[in-house]
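A.B. asks: Here you go, one structure.
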Amino acid sequence: MWLISWAGYLAIRLIGPTLRVSITSDPGAENEPRTRPAIYCFWHRCVFPAVYVFRNKGIRVLTSRSYDGEYIARIIEHLGFRAVRGSSSRGAVQSLRELQRELEGGAFVAFTIDGPRGPRYVAKPGPIHLARVTGAPIFSFYVAVERAWILRTWDAFMLPKPFSRIHCHLRAPITVAADANHEQSLARMQSELEVAQRCAEAAYRK
């Protein structure tokens, strides 16, 4: 565990500074997290570039209580994030309550929204619940990588190659009213995530 955690941290610290980062956003979105509180959602496969882009901003990140979640938590905490342990299947209620307290205190929180084990590109409902009870907006984003090693994992994890370009696109925030329809709200967030991915990947589409 110690070796994997430090290897992951060093990979980000060594490869990250070589990456050429660009960020775009829709009207009403923010290239830098400013709105407090706020909920950020992105697909699990772009954890590596997302961690580099949004490092040292004090973002609270939901990470699973699995073995994978443990080393991810250790890695991101070295990069200025705070891990909140739990997932959609283990410790879900407790972790959502802790994230609710963080939001009520004015924090940023983030979800790898199809994690911890997929299905890939299928959003989980946690952010909808939190947005409904706290009033915090949901920002969906995706980080595309021009050149990457794609791992043979459930999420097709992207490991950027050194000196590659990466492009982050953020969608305008959505809000969830206290009496909003749950399924419609979840479908809207799913759509926002898909559009963010298409917009980010368009930067490198030939």
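The values are calculated or read from the model by the stated rules, or taken from the named source; none is laboratory data. Given the structure is predicted, the values throughout are model-derived calculations rather than measurements. Because the Cβ atoms are built from the backbone with ideal geometry, glycine has one as well, and the counts that use them run over all protein chains shown. Just the protein is used for accessible areas: all its heavy atoms, side chains included, with ligands, DNA and RNA removed. Shrake-Rupley method; radii C 1.70, N 1.55, O 1.52, S 1.80 Å.
A.B. asks: Separation between the residue 57 and residue 204 pseudo-spin-labels, each 7 Å from Cα along Cα→Cβ, expressed in nm?
C.D. replies: 2.0 nm
A.B. asks: May I pose another question? Using a Gaussian network model on the chain with a 10 Å cutoff between Cα atoms, which of 167, 44, 182 fluctuates the most?
C.D. replies: 182
A.B. asks: Springs between alpha-carbon pairs under 10 angstrom, Gaussian network model over the chain: which of 27, 49, 162 fluctuates most?
C.D. replies: Most flexible of the set in this elastic network: 27.
A.B. asks: Go ahead and run the numbers for FRET between residue 147 and residue 65, Cβ-Cβ distance against an R0 of 30 Å, rounding to 0.05.
C.D. replies: 0.35
A.B. asks: While we're here: What relative contact order, as a whole-number percentage, does the chain give when Cα pairs under 8 Å and 6 or more residues apart are counted?
C.D. replies: 29 percent
A.B. asks: In nm, to one decimal, how far is the modelled label at residue 26 from the one at residue 93, with both set 7 Å along Cα→Cβ?
C.D. replies: 3.5 nm
A.B. asks: To continue, here is another question. May I ask you to derive the relative contact order of the range 94-146, considering only C-alpha pairs under 8 Å and at least 6 residues apart, and to give it as an integer percent?
C.D. replies: Computed over the range 94-146, the figure is 31 percent.
A.B. asks: Go through (i) 62, 34, 33; (ii) 47, 40, 30; (iii) 52, 31, 30 and flag the label whose value is the computed Cα extents along the principal axes in Å for this structure.
C.D. replies: The listed entry that was calculated here is (ii).
A.B. asks: Rounded to the nearest 500, what is the chain's calculated 222 nm mean residue ellipticity when only DSSP H runs of at least 4 contribute -39500 (n - 2.57) each, over all residues?
C.D. replies: The per-residue figure over the chain is -11000 deg cm²/dmol.
A.B. asks: Return the Rg/Rh ratio of the range 94-204 with Cα-based radii and a Kirkwood Rh.
C.D. replies: Rg/Rh: 1.00.
A.B. asks: Computed FRET efficiency, Cβ-Cβ of residue 184 and residue 18, R0 35 Å: what is it to the nearest 0.05?
C.D. replies: Once the sixth-power term is evaluated, E becomes 0.25.
A.B. asks: How much area per residue is accessible in the range 1-141 when the probe is 1.4 Å and only protein heavy atoms are counted (Å²)?
C.D. replies: The answer is 44 Å² per residue.
A.B. asks: Give me the percent of accessible area attributable to carbon and sulfur for the chain, probe 1.4 angstrom.
C.D. replies: Here it works out to 53 percent.
A.B. asks: For residue 157 paired with residue 101, estimate the spin-label separation in nm (one decimal), with each label point 7 Å from Cα along the Cα-to-Cβ line.
C.D. replies: Taking the simple label geometry, residue 157 and residue 101 are separated by 3.0 nm.
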